[in-house]
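Student: Have a look at this one before I ask anything.
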Amino acid sequence: MKKLVLLSTTILITTLQSFILAAPTSTKPKHKWHRPGAKPEVSYSTHATDDSYHDYIAILSDKEVRPWSEIFDEIGFSTKGSKKMTHSMGVNSGGKPSYNMTSYGVNGIRTFGKNLRAFTINMKESEARALDGNPSIISLERTQMREWAVVAGSAKIMSSSPPVSQGVRNFDSKVSKRQDSMMWIQQGNAPWNLQRLSCAHKIDIKGRQATDLSYNYRFNQAAGKGVDVYVVDSGINVDHVEFQGRARMMFSYFGKVDDDVGHGTHCAGTIAALHYGVAKNVNIWGIKVGDSRGVNGEAIVAGIDAAITRHNQRKLQPGFMGSVISMSIGTAPPQQSDFMILRKAIEAGIHVSVAAMNSATDACNFSPGAFSQQIPIINVGAADINDTRAPFSNFGKCVDVYAPGVSIVSTFNNNATGIASLDGTSMACPAVTGIIADELIKNPKLRLDPAAMKKHILGRALKGAIKPDNVITGTELLINNGFPGDPQI
Ligand SMILES: *[C@@H]1O[C@H](CO)[C@@H](O)[C@H](O)[C@H]1NC(C)=O
Ligand SMILES: *[C@@H]1O[C@H](CO)[C@@H](O)[C@H](O)[C@H]1NC(C)=O
Ligand SMILES: *[C@@H]1O[C@H](CO)[C@@H](O)[C@H](O)[C@H]1NC(C)=O
């Protein structure tokens, strides 16, 4: 099988690699599609000898406002007279579907998008090449499946905690008042990752296992109350007792909304679960973009588009505290469609945390983390309980910060009280998501300012905490919520 690689992408990777080898670290690489208002630059490699059909995703220029039928007429795929169908992806507890895709009986065309307009199409490579330079289309690329940023085979299902008979127990906790009159809580039965977010020094393990639930977490009592967190993932086990009804599904690319993978429930738990979560009071909005067969690229664009729409409605409502997107998903190489939709999210004032992925290589080769250099998304690498970069974690200057990502205990999809330990930058990303939610309450001025929030978060991360365990350039920052010293045991 011939692999047809987009020339623009190939150039990017080649440029980046030679740049890394050759250039001093102060210069920024130029990703050609990142210039605001850049002209369409779609071109294809010419080494293909066949002209086979592939699926493509196209993003329209913001200036292109004509009806779809006119656009398809112009590019030679007239949809006139073809069968048109509406596919509902918005999950509502009643009322009209809140998100639709439309499919046509021509080349498998599907159209969607509110905050940007996009379509997918199955066409020949030569037909794609013919769209090169079309002013309506700002981005065109082959569709590509994505991966969960969890280490395969790392999942260990643990016995449920707390026992179901007791329902959700209260924390083993105490409430205290700081000198600055902030009320805070120390949770005494926490997983290690939560302690590490809220103390100044490496954890003294004292003979414990990393998966023991005997660590201490200190957090601001507000715990992200009212913040909307959009979990772009495999769905969420919303009936899990740990979510206390704060988790809801709002989008599914697949019709079904259950989490048949477990990944989304685990990530959502690290953000928001009562015992395993960083920000125990946030609202969780589930966006299902993948299932047991994999993660779909166009679903990511559509799902984030749906999140932006909801955010834009919510931000006009009383009680709005800010929005965060958590995305523990990615692939290599960087995908233009990821960039386009995440830039829209950032422009709308949504904070974004993403996983650096687990290939133990330069994070700049991965989507969406590479874009942390062009837009203020936060790209998160994984560390272990000894403050060492996890051997699997991507690294380099496209990682903004590390967070705990090895032996992370959180909620799972096996049943309503299930928990599991997982490894991956998938587990590190939601820790930063939770920290952003916490900071949104403490810093209302940053509510709609992702760039300032990123600066703030990186500014209070622990400097030099991550000791490189092999020759690696880039950040040595470890995420932190700013509590001084270490918890009292
Ligand atoms: C989605 O389609 C349904 C059925 O055609 C319609 O009632 C609904 O208003 C549409 N929703 C949006 C957001 O366009
Ligand atoms: C949920 O699964 C865990 C792990 O297999 C088990 O310990 C627990 O008893 C189960 N709980 C229920 C309610 O089925
Ligand atoms: C952390 O260090 C301890 C003590 O040196 C060691 O036993 C343990 O295996 C290390 N854990 C990890 C995850 O590397």
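Student: For an R0 of 45 angstrom, estimate the FRET efficiency from the Cβ-Cβ distance between L316 and D204 and round to the nearest 0.05.
Tutor: Values: r = 48 Å, r/R0 = 1.06.
That gives a FRET efficiency of 0.40.
Student: A follow-up question, please. R0 = 22 Å: FRET efficiency of L458 with M182, Cβ-based, nearest 0.05? Mind dumping the intermediate values first?
Tutor: On the way: r = 22 Å, r/R0 = 0.99.
It comes to 0.50.
Student: Under a Cβ-only charge scheme (Lys and Arg +1, Asp and Glu -1), can you give me the dipole magnitude of region 222-356 about the Cα centre, in debye to the nearest 20? Before the final figure, lay out each step's value.
Tutor: Working: 12 positive and 12 negative charges, 90 e Å.
The calculated dipole for region 222-356 is roughly 440 debye.
Student: Could I ask something else about it? What is the distance, in nm, between label points placed 7 Å from the Cα along the Cα-to-Cβ direction at D486 and at S78?
Tutor: Calculated label separation equals 7.5 nm.
Student: Right, next: With each pseudo-label sitting 7 Å past Cα toward Cβ, what's the R248-K156 distance in nm, one decimal?
Tutor: That separation, rounded to one decimal, is 3.7 nm.
Student: Hey, another quick one. Work out the charge dipole of region 332-433 with +1 on the Cβ of Lys and Arg and -1 on the Cβ of Asp and Glu about the Cα centre, then indicate which of V432, Q336, P404 is farthest towards its positive end.
Tutor: Of the candidates, Q336 comes out farthest on the positive side.
Student: So for each of 345-351, 431-437, 264-270 I average, over its residues, the number of other beta carbons within 10 Å; can you give me the resulting order with the highest mean first? Before the final figure, lay out each step's value.
Tutor: Numbers: 345-351: 21.3, 431-437: 31.6, 264-270: 33.4.
Going from most to least packed, we get 264-270, 431-437, 345-351.
Student: Assuming 0.36 nm per residue, please report the length gained on full extension of the stretch K114 to S88 beyond their Cα-Cα distance.
Tutor: On the way: separation 26, 0.36 × 26 = 9.36 nm, distance 1.41 nm.
Length difference between fully extended and current span is 7.9 nm.
Student: For an R0 of 41 angstrom, estimate the FRET efficiency from the Cβ-Cβ distance between T211 and A451 and round to the nearest 0.05.
Tutor: Working: r = 37 Å, r/R0 = 0.89.
So the FRET efficiency works out to roughly 0.65.
Student: Shifting gears a bit: Please report, as a whole percent, how much of the solvent-accessible surface of region 53-160 comes from carbon and sulfur atoms (probe radius 1.4 Å). Before the final figure, lay out each step's value.
Tutor: Working: 2800 of 5520 Å².
Carbon with sulfur: 51 percent of the solvent-accessible area.
Student: If you don't mind, another one. Mind ranking 238-248, 58-68 by how tightly packed they are, going by the mean number of other C-beta atoms within 10 angstrom, highest first? If you can, show how the numbers build up before the last one.
Tutor: Details: 238-248: 19.0, 58-68: 15.5.
Put in order of decreasing packing, that is 238-248, 58-68.
Student: Would you mind getting the accessible area per residue of region 76-166, heavy atoms of the protein chains only, 1.4 Å probe, in Å²?
Tutor: Details: 4730 Å² over 91 residues.
Normalised by residue count, the accessible surface of region 76-166 is 52 Å².
Student: When the accessible area of region 311-388 is computed with all protein chains present and a 1.4 Å probe, what percentage of it is carbon and sulfur?
Tutor: Numbers: 880 of 1790 Å².
Carbon and sulfur: 49 percent of the exposed surface of region 311-388.
Student: State in Å² the accessible area per residue of region 295-424; use a 1.4 Å probe, count heavy atoms of protein chains only, and round to the nearest integer. Kindly include the intermediate steps, with their values, before the conclusion.
Tutor: Numbers: 2570 Å² over 130 residues.
On a per-residue basis, region 295-424 sits at 20 Å².
Student: For region 199-299, give the magnitude of the charge dipole about the Cα centre (Cβ charges: +1 Lys/Arg, -1 Asp/Glu; no others), in debye to the nearest 20. If you can, show how the numbers build up before the last one.
Tutor: Values: 11 positive and 11 negative charges, 90 e Å.
It works out to roughly 440 debye.
The values are calculated or read from the model by the stated rules, or taken from the named source; none is laboratory data. Being a predicted model, the structure only gives us computed values, none of them experimental. No Cβ is skipped: glycine too gets one built from the backbone with ideal geometry, and neighbour counts run over all protein chains shown. Heads up: the accessible areas ignore ligands, DNA and RNA and are worked out on the full protein's heavy atoms, side chains in. Shrake-Rupley method; radii C 1.70, N 1.55, O 1.52, S 1.80 Å.
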